[in-house]
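Notes follow the structure.
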Amino acid sequence: TGLATDLDAPGKSADRKSEEALVLLKEAIAIYEGAQSEEMQHSDMNLAATHDIIGSFLFNQGKYPDAVEEFKRCLSIGEKALGKEHPRLSAAHNHLGTVYFKQGKIEAALWHNRQSLAIEVAALGGTHPDVATTHSNIGSVFFNNGRYEDAVAEFEACLAIRREALGEGHVDVAETHNNIGAVRFYQGKYSEAQEQHERCLAIKLKALGESHPSLAATYANIGTLLDTQGKHEEALHQLEKCLAIQKSSTEEEEDPRAVGHTKFVMARLQLKRGDLGNAGELFRDCAGIYGRAYGEGHRQTLAAVTEARRCLEWRQDV
């Protein structure tokens, strides 16, 4: 099952391909710094904001060490200009926490996320939605480090705040149930995981309607849980709902690989049921989708082709 992480990815709106913009920003900083005294540079929040923007570009290009340096410069200037506990510094800590998380530097990520949390609680109070998001970020770090009970504690703290601040029927509450369900799945606590995912589903159905694209992942999560417990018929039913939503939404055009993945999982389920005909047809569909998306020689395309051939051979042997 998937984790709906709230990690505050810096600069989500930044154009990842705009190298020219990045060069111009760096040139702007050089000119700006040349026109100011060193003392002014160390306390200029406009300069800090520019370092933050550059860090966001670098982050979105996967240049994490360079992004860290830019975010550190932003934070350093902000601390000197505003003080270490100013609310504006919460985002800088969050950005550093995100980059360190991506680098697998768990303790550094946790430290910066906790700094962000402390600043937010002091400035906004313990029940603000931003505080909930930071609890969720910390939970995501714990989850990816295998510290499952710590992750659940953070997600439950997030859930309590979101329920109070946003209401039980808010989609952010649904995603938090999803996150708790993901942790319980990895712990092998399948009944608890299913309960959380079904709560997520119920909220989404009411808030978003039956055909919203985000429901596909929830149906897939429930299907995975049922399959793990050997409930193959029920799992297949959930995955059919997932596939129907994927095919009726723009997701199939934007990312056909999602449809391919769902069909591949369904084919595996049909194999477990002994239905070689439907399994083979689904594997052939996957091969076509993966071939167009990745190329004929890609390992996922070849895997689907191999499985389709096996189904045909097994049918001929029966």
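The values are calculated or read from the model by the stated rules, or taken from the named source; none is laboratory data. Every value quoted in this text rests on a predicted model; they were computed, and no experiment measured them. Neighbour counts run over all protein chains shown; Cβ positions are idealised from the backbone, glycine included. Each accessible area value is taken on the protein alone, full model and side chains, heavy atoms only, with ligands, DNA and RNA left out. Shrake-Rupley method; radii C 1.70, N 1.55, O 1.52, S 1.80 Å.
Excluding ligands and nucleic acids, what accessible area in Å² is computed for residue 105 using a 1.4 Å probe, to the nearest 10?
About 100 Å², ignoring ligands and nucleic acids.
Give the accessible surface of the range 109-179 per residue, rounded to a whole number of Å², with probe radius 1.4 Å and ligands, DNA and RNA excluded.
Per-residue accessible area for the range 109-179 comes out at 38 Å².
For 101, 283, what's the largest-to-smallest order of accessible area, 1.4 Å probe?
Of 101, 283, the descending order of accessible area is 101, 283.
Taking 19 Å as the cut-off for C-alpha to C-alpha distance, list the pairs among 206/241; 206/247; 102/204; 84/105 that go past it.
206/247; 102/204; 84/105
Would you work out the charge dipole size for the range 208-318 about its Cα centre, treating the Cβ of every Lys and Arg as +1 and the Cβ of every Asp and Glu as -1, and quote it to the nearest 20 debye?
Result for the range 208-318 is approximately 340 debye, rounded to the nearest 20.
Enumerate the whole-percent occupancy of each 5 Å bin, from 0 to the last occupied one, for all C-alpha pair distances of the range 131-192.
With 5 Å bins starting at 0, P(r) equals 4, 23, 31, 23, 14, 5, 0.
Where Rh denotes the Kirkwood radius from the mean inverse Cα pair distance, what is Rg over Rh for the range 200-318?
Checking Rg against Rh, the ratio lands at 1.01.
Given the C-alpha centroids of the range 252-318 and the range 71-135, what is the distance between them in whole angstrom?
45 Å
What net charge is computed for the residues neighbouring residue 230, neighbours being all others with C-beta under 12 Å from the C-beta of residue 230, Lys and Arg scored +1, Asp and Glu -1? Kindly include the intermediate steps, with their values, before the conclusion.
Details: positive: 231, 272, 273; negative: 227, 233, 234.
Neighbour charge sum, excluding residue 230 itself: 0.
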